[in-house]
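Structure first, commentary second.
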Amino acid sequence: MSDVAARKAEIRALAEAARDKKAAYGPDLDLSAFNAAQDAESVESLEALDKQMKEVALSVGIESSEEGRAGTYFQVDRSPIYQRVTEMYGGKLEIMSTKDAVELYPELMYEQYYWRAVAPDKDKYTALVALQETEGYFIRVLPGQKIDKPIQACLFVSENNITQNVHNVIVMEEGSEATVITGCTIHPKVREGLHAGISEFYLGKGSKLTFTMIHNWAEDFDVRPRTAIVLDEDATYINNYVLMKPVKSIQSFPVAKCVGDRSRAVFNSIVYGLEDSTIDIGSESIMEGEGSRSEAIARTVSRDRSVVYSRGRLIGRTNDCKAHLDCRGMVQSAESTQWAIPDLASEGAPGAELSHEAAISPIAAEEIYYLMSRGVPKDEAVSMITRGFLDLEIPGLPAALRRQIDKALEETAKDSM
Amino acid sequence: MSVDSASPLLQVEGLHVSVGDREILRGVDLVIAEGETHVLLGPNGGGKTTLLNTIVGLPGYRVTAGRILFKGTDLAGLEIDERARLGIGVAFQRPPAVRGIKLKQLIQVAGGDSFDEAAMADVIGGLTLERMIDRDVNMGFSGGEMKRSEMAQLIAQAPDLTLFDEPESGVDLDNIAVVGGAMTRLLKAERVGKGTRSGLIVTHTGHILEYVNADIGHVLYNGRLACKGNPRDLIDEIGKHGYDKCVECAICQM
């Protein structure tokens, strides 16, 4: 048996054994309640998508005109319907479905990238993805290439009550730089369903990836991303996560492994808990490389009956490492619950410097009165303060995305009044 | 709506105000006409800030008797923002820091749609706010920066009546002159067809009066306006004899 075949069998065996393994966090889901995703038809251009789809895609940062984008991947349910590298970036990056990448580079994928950062038997959700043939995007930025426009990837659910299982792989070759915007959303007619997404990102020496994920789901939709990032020497990973709309439950806890010396991982999260959402988000940074650094900043607002967990774990395994957590929550409803759970560990690294600031507080009445004294009506004052609280100044965020997030904040603030 | 120049801008009549169970103001009468700047002196805890906050409309200040008329309108039942839009502005002694709201944004909000880029540049230059303008408002501001920030917002807001709560507190000498200059600019600004603006300055040191001209002084003592007169004379008298004697003295025109 070839190495690839042996590894495939191993992944399968691991996943089989984990079929019913509950996740460490988040509500447990009955996976038998969901149907398998169907095929969707490919399109020649994103402009061919119906107007409604284009609009919801835009709300998660996906431009159907592809203007200002270096490349696009668009998946509907289980099918990649469109993938393209914009002409001027030809030869600088590759975009294809993960399935195609596994066929094209079987040894490389199985040896280095496919199920190497995320374990197939982590829990029932990774097992679900491992046991079914799934798509998802593969993005590879070639050595030394600096892609100055964002690459966009949309994972779109168009049918009710299906599971969309995806497996994404990003490979940043040595010295490369890129920004990837991933928008995950659903057709307005979809109420229930599950999105289970494996993401494995590999950052080569001196590379830099800014990864922004905007989620936009529905009241009865469940989401279980499983993400791991491996950083080589001098690599920088910046993760921006934005959730502004209601969801039934989401549980996500990406892990950055700062293996290389002087590598750096940054997590910024903006979460707005609405209605009956159960949101359990966080990140883990493991610092093994000398001089590795990490910073995790979360801003969470909870309204209505939402329950929000904001976790952050920092693990230092080398003497020369430093990391800081900053999670602030604002509770705006008597029926909502927030947890801030910082978690720090120094493992055999007496020189590790790990710190955290966690706070949960109400919207301050005196701040509302202050704005009102300048002539701002009360509801607008509340909305301004909420926006301000959630407005992380994320360095390196593309201006277009900045506007996108601003717009989402504005609309959500307006809706919630 | 044009205001009859003969009618007072602010009329406080027999005002009683309680905070919690405690009665702080016990029958305050005060009239401020258009173009007048009044000074409110008095010992700490005497109710000066209570009077200001009651006019502003902050919750927790319960009017148990009397009323406040502004431009002839009874302020009872009006929200803080409605009073602000009616023409009342306030420079707080210790304004709160607001995370994520930039000073520039707040100046723009206070100034409204007609407050254009030139006006913004003028305010920023006049109060040397260049290094503060893109910071979260009041976040880590020094005492002087805080007051300059308040002045900038008020110049943009252009209220007909501005209430200043201890404008000199926590401000170093360099900044006092700047703050005083901004107060003068606020109070002396001509409004076409609307007469000049008015002010009410709360101070317990009187130091700010070296930089701003005021017309009439009052001493708020024991929940009442006990004394009225030339602001400088009042301050001299208080300086010599203290508040207890001042309220009995001869220069009082009550």
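The values are calculated or read from the model by the stated rules, or taken from the named source; none is laboratory data. These numbers were taken from a predicted model, which means no experiment stands behind them. Note that we place each Cβ from the backbone using ideal geometry, even for glycine, and neighbour counts take in every protein chain shown. Heads up: the accessible areas ignore ligands, DNA and RNA and are worked out on the full protein's heavy atoms, side chains in. Shrake-Rupley method; radii C 1.70, N 1.55, O 1.52, S 1.80 Å.
If the condition is being within 12 Å of another protein chain (Cβ to nearest Cβ), over 18 Å from B:Thr184 (Cβ atoms) and acidic (Asp, Glu), then segment B:102-152 contributes B:Asp113, B:Asp134, B:Asp136. Specify the residue that is modelled with the lowest pLDDT; the eligible residues are those in segment A:342-401 that are within 21 Å of the chain's Cα centre (by Cα), open to solvent by 30 Å² or more (accessible area, probe 1.4 Å) and among the aliphatic types (A, V, I, L, M). Filtering segment A:342-401 for residues that are within 21 Å of the chain's Cα centre (by Cα), open to solvent by 30 Å² or more (accessible area, probe 1.4 Å) and among the aliphatic types (A, V, I, L, M), the one modelled with the lowest pLDDT comes out as A:Ala400.
Contact map, segment A:157-179: residues that are over 15 Å from A:Leu31 (Cα atoms) paired with residues that are of a type in the set (Lys, Arg), Cβ distance under 6 Å, separation 6+ or inter-chain. Pairs shown: A:Val171/A:Arg140; A:Glu174/A:Lys205; A:Glu177/A:Lys146; A:Glu177/A:Lys208. Checking the structure you have, find out if any residue of segment A:316-326 is within 14 Å of another protein chain (Cβ to nearest Cβ) and out of contact with any Lys or Arg (no Cβ under 6 Å at 6 or more places or on another chain). Scanning segment A:316-326 turns up at least one residue that is within 14 Å of another protein chain (Cβ to nearest Cβ) and out of contact with any Lys or Arg (no Cβ under 6 Å at 6 or more places or on another chain).
Just need a number here: residues in segment A:314-325 that are touching a residue at least 40 places away in the same chain (Cβ under 8 Å) and either closer than 24 Å to A:Phe389 by Cβ or acidic (Asp, Glu) (or both).
Looking only at that region, the number is 1.
Yes or no, residue by residue, for (1) over 20 Å from A:Lys189 (Cβ atoms); (2) in contact with an Asp or Glu (Cβ under 8 Å, 6 or more places away or on another chain):
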residue: A:Asp220; (1), (2): no, yes
residue: A:Tyr241; (1), (2): yes, no
residue: A:Lys245; (1), (2): no, no
residue: A:Phe253; (1), (2): yes, yes
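Name the one entry in A:Arg311, A:Arg328 that is in contact with a strand residue (DSSP E or B) (Cβ under 6 Å, 6 or more places away or on another chain), within 30 Å of B:Asp81 (Cα to Cα), assigned to a strand (DSSP E or B) and touching a residue at least 40 places away in the same chain (Cβ under 8 Å). Residue meeting the stated conditions: A:Arg328.
Conditions tested, residue by residue: (1) under 20 Å from B:Asn53 (Cα atoms); (2) without any contact (Cβ under 8 Å) to a residue 12 or more places away in the chain; (3) within 20 Å of the chain's Cα centre (by Cα).
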| residue | (1), (2), (3) |
| --- | --- |
| B:Phe92 | yes, no, yes |
| B:Pro96 | yes, no, yes |
| B:Leu106 | no, no, yes |
| B:Gly111 | no, no, yes |
| B:Ala119 | no, no, no |
| B:Met132 | no, no, no |
| B:Asp136 | no, no, no |
| B:Glu145 | no, no, yes |
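Per-residue answers, yes or no, for (1) closer than 25 Å to B:Met183 by Cβ; (2) open to solvent by 30 Å² or more (accessible area, probe 1.4 Å); (3) at pLDDT 95 or above:
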residue	(1), (2), (3)
B:Met1	no, yes, no
B:Glu36	yes, yes, no
B:Gly42	yes, no, no
B:Ile55	yes, no, yes
B:Leu78	no, yes, yes
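In segment B:21-34, the residue that is least open to solvent (accessible area, probe 1.4 Å) out of those that are in contact (Cβ under 8 Å) with a residue 40 or more places away in the chain and more than 20 Å from B:Asn230 (Cα to Cα) is B:Leu25.
Check whether at least one residue in segment A:367-386 is touching a strand residue (DSSP E or B) at 6+ places or on another chain (Cβ under 7 Å), more than 16 Å from B:Pro59 (Cα to Cα) and either part of a loop (DSSP other than H, G, I, E, B) or at the interface with chain B (Cβ under 10 Å from one of its Cβ atoms) (or both), and report yes or no. Yes.
Condition check: touching a residue at least 40 places away in the same chain (Cβ under 8 Å), open to solvent by 20 Å² or more (accessible area, probe 1.4 Å) and closer than 26 Å to A:Ala48 by Cβ. Does A:Pro150 satisfy that? It is false that A:Pro150 is touching a residue at least 40 places away in the same chain (Cβ under 8 Å), open to solvent by 20 Å² or more (accessible area, probe 1.4 Å) and closer than 26 Å to A:Ala48 by Cβ. Out of curiosity, is A:Gly282 more than 23 Å from A:Met172 (Cα to Cα) and modelled with pLDDT of 95 or more? Yes: the conditions hold for A:Gly282.
Would you be able to tell me the number of residues in segment A:365-394 that are within 20 Å of A:Gln332 (Cα to Cα) and either out of contact with any helix residue (DSSP H, G or I) (no Cβ under 8 Å at 6 or more places or on another chain) or not aliphatic (A, V, I, L, M) (or both)?
So the answer is 16.
Scanning segment A:249-282 for residues that are within 19 Å of A:Asp222 (Cα to Cα), open to solvent by 10 Å² or more (accessible area, probe 1.4 Å) and free of Cβ contacts under 8 Å to residues at least 40 places away in the same chain gives a single hit, A:Ser252. Apart from one condition, B:Ile216 fits all of (1) over 23 Å from B:Thr54 (Cβ atoms); (2) more than 14 Å from chain A (Cβ to nearest Cβ); (3) open to solvent by 20 Å² or more (accessible area, probe 1.4 Å); the exception is (1). Regarding B:His38, is this residue more than 13 Å from chain A (Cβ to nearest Cβ) and touching a His at 6+ places or on another chain (Cβ under 9 Å)? Answer is yes for this residue.
Checked against the criteria, B:Thr184 counts as open to solvent by 10 Å² or more (accessible area, probe 1.4 Å) and under 13 Å from the mean Cα position of the chain (by Cα). Scanning segment A:339-366 for residues that are within 30 Å of B:Ile55 (Cβ to Cβ), more than 10 Å from chain B (Cβ to nearest Cβ) and not in a strand (DSSP E or B) returns a single hit, A:Ile363. Does segment A:301-313 contain any residue that is within 14 Å of another protein chain (Cβ to nearest Cβ), open to solvent by less than 30 Å² (accessible area, probe 1.4 Å) and within 21 Å of A:Met213 (Cα to Cα)? Yes.
Tell me, please, whether a residue that is of a type in the set (Ser, Thr, Tyr) and surrounded by 24 or more Cβ atoms within 10 Å (Cβ to Cβ) can be found in segment A:213-236. Scanning segment A:213-236 turns up no residue that is of a type in the set (Ser, Thr, Tyr) and surrounded by 24 or more Cβ atoms within 10 Å (Cβ to Cβ). The number of residues in segment B:88-102 that are within 17 Å of A:Val382 (Cα to Cα) and surrounded by 24 or more Cβ atoms within 10 Å (Cβ to Cβ) comes to 2. Considering segment A:247-308, the qualifying strands (runs of 3 or more DSSP E), each wholly inside and each with 2 or more residues that are basic (Lys, Arg), run over A:292-302.
Please go through segment B:41-83 and pick out each residue that is more than 14 Å from every other protein chain (Cβ to nearest Cβ), of a type in the set (Lys, Arg) and under 17 Å from the mean Cα position of the chain (by Cα). Listed by number, the residues that qualify are B:Lys48, B:Lys71.
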